[in-house]
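Remarks on the structure that follows.
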Amino acid sequence: MLSDRELIVRLQGGSLEALGDLYDRHRWMVYRTALGITSDAEAAADLLQDVFLRLYRFADQFDTRRPLEPWLYRMTANLSYTWVKRNHRWLRPLEEFADWLVGNGKDQPYTQAEMQDDWQQVQHAVATLPLPQRVVVVLYYLNDLSLQEIAEILDIPVGTVKSRLYYGRQALKKGLGLHQERVPDFNYEGP
Amino acid sequence: MNDVRDSYIRQSLKNWAARHQLPANGRSRLIWSVATGRTEPHRKQRSARSNVRDGFLYRTNPNPYWDYEPFSYTRLWMLHMTLTTLLHLA
């Protein structure tokens, strides 16, 4: 099995087979990251294609001494960031206004009861985080990256990553009612 | 930084992501896009302003590689009905 570096070298030579192999190897990681940031499966599918199209387009400029995954994470985060900014510029104030009109649903017990699954609650809480915090939370929790790796991917200081993660965690715990000691049971279902 | 609540958030997020299927034929669509030097046809059905799928300009042909037709069957039908009505009124 060829390494990422060998596949990149072949890709630089124009090999579409190498592009396909890289896609198969990293597609889940890219898709999951885009999905976590955008909360939109269709957008995540589009971004998945975009990331690998850009990999093909910029393969000549790629430094084969460096690992591929941070580049993929960075491209995915940037494209997802742009997508969210573009699509929620007008939508978010309208949603907040609608929430304000109907009252704060989070305080009503039936709202929590309606959300049947833990994963749905967590996803909803993540989707309401400010975008910089959301990107860090997705990279940290969903992709199991370290603070140092996230800092390098986003090109920000580790302290900034820690700060965003701290406030993101506080917001998540508040949104999920996790300040109590009792935490619901969960089972891991994914790959 | 790890505690039980962190584990709960992590596993719940992973469970949520795992419920989504990867797009079908992604590899072949990617290679097709690169080989033909074109973006995917279904992108053309998205409004450039809002980047949301435009319900009116729906694809009439189920083939994903079919090019978007500016004069869809719906538009032709509406044009036909409009002209027919105007001709009857004239």
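Values for this structure:
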item	result
In the stretch B:1-38, the residues that are at pLDDT 80 or above, outside any helix (DSSP H, G or I) and facing chain A (nearest Cβ under 8 Å)	B:Arg19, B:His20, B:Leu22, B:Pro23
Checking B:Trp77 against (1) at pLDDT 85 or above; (2) more than 10 Å from chain A (Cβ to nearest Cβ); (3) surrounded by 11 or more Cβ atoms within 10 Å (Cβ to Cβ), the condition it does not meet	(3)
Filter pass, A:Gly159 being at pLDDT 90 or above, more than 19 Å from the chain's Cα centre (by Cα) and part of a helix (DSSP H, G or I)	yes
Which listed residue is within 10 Å of the chain's Cα centre (by Cα) and touching a residue at least 12 places away in the same chain (Cβ under 8 Å), from A:Leu154, A:Leu147, A:Leu129, A:Leu139	A:Leu139
Scan of the stretch A:22-49 for residues that are surrounded by 19 or more Cβ atoms within 10 Å (Cβ to Cβ), more than 9 Å from every other protein chain (Cβ to nearest Cβ) and not polar (S, T, N, Q), ordered by number	A:Leu22, A:His26, A:Val30, A:Ala34, A:Ile37, A:Leu47
Residue within the stretch B:39-61 that is modelled with pLDDT of 85 or more and either surrounded by fewer than 16 Cβ atoms within 10 Å (Cβ to Cβ) or more than 8 Å from chain A (Cβ to nearest Cβ) (or both) present	no
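The values are calculated or read from the model by the stated rules, or taken from the named source; none is laboratory data. This structure is a prediction, so every number in the text was calculated from the model and none was measured. Glycine gets a Cβ as well: all are built from the backbone with ideal geometry, and neighbour counts include every protein chain shown.
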